[in-house]
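One structure is given here, and the rest of the page talks about it.
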Amino acid sequence: MKILANDGISAAGKSKLEAYGFEVSTDTIPQENLSNGINEGGFVGILVRSATKVRSEHMDACPNLKLIGRGGVGMDNID
């Protein structure tokens, strides 16, 4: 399964996920292209910090998105 770490991830975090069989991309997809990037990349999960906003329209437009992970405090950037 493919996970997009859109706001970056530590090398240790990436290695852990890969050890469990996940394919992790650290490419940054611009906010305005997020839905297309998730769908075209075949991602089932996205990990964000503060820079990326995952809005309801992204969730609706990405039927294969199963996981949204937030590193940090608060959920203001996730609907």
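Since every read-out is calculated from the coordinates, none of them should be taken as a lab result. Since the model is a prediction, treat every value here as computed from it, not as a measurement. With ideal geometry, Cβ positions are generated from the backbone for all residues, glycine too; neighbour counts draw on all protein chains shown.
Of all residue pairs spaced 6 or more apart or on separate chains, those with beta-carbon atoms under 8 Å, a first member in the stretch 14-37 that is free of Cβ contacts under 8 Å to residues at least 24 places away in the same chain and under 22 Å from Ile78 (Cα atoms) and a second member that is of a type in the set (A, V, I, L, M) and part of a helix (DSSP H, G or I) are Val24/Leu17. Among residues of the stretch 30-79 being touching a Ser or Thr at 6+ places or on another chain (Cβ under 8 Å) and not in a helix (DSSP H, G or I), the one that is surrounded by the fewest Cβ atoms within 10 Å (Cβ to Cβ) is Gly72.
Selection of first residues in the stretch 54-79 that are more than 20 Å from Glu40 (Cα to Cα) and of second residues that are outside any loop (DSSP other than H, G, I, E, B) and among the hydroxyl-bearing types (Ser, Thr, Tyr), restricted to Cβ pairs under 7 Å at least 6 apart or on distinct chains, gives the following pairs, ordered by first then second residue: Asp79/Ser56. Per the conditions (1) on the phi > 0 side of the Ramachandran plot; (2) touching an Asp or Glu at 6+ places or on another chain (Cβ under 8 Å), the sole criterion not satisfied by Thr52 is (1). If the condition is being loosely packed, with under 14 Cβ neighbours inside 10 Å and over 18 Å from Gly72 (Cβ atoms), then the stretch 1-13 contributes only Ala11.
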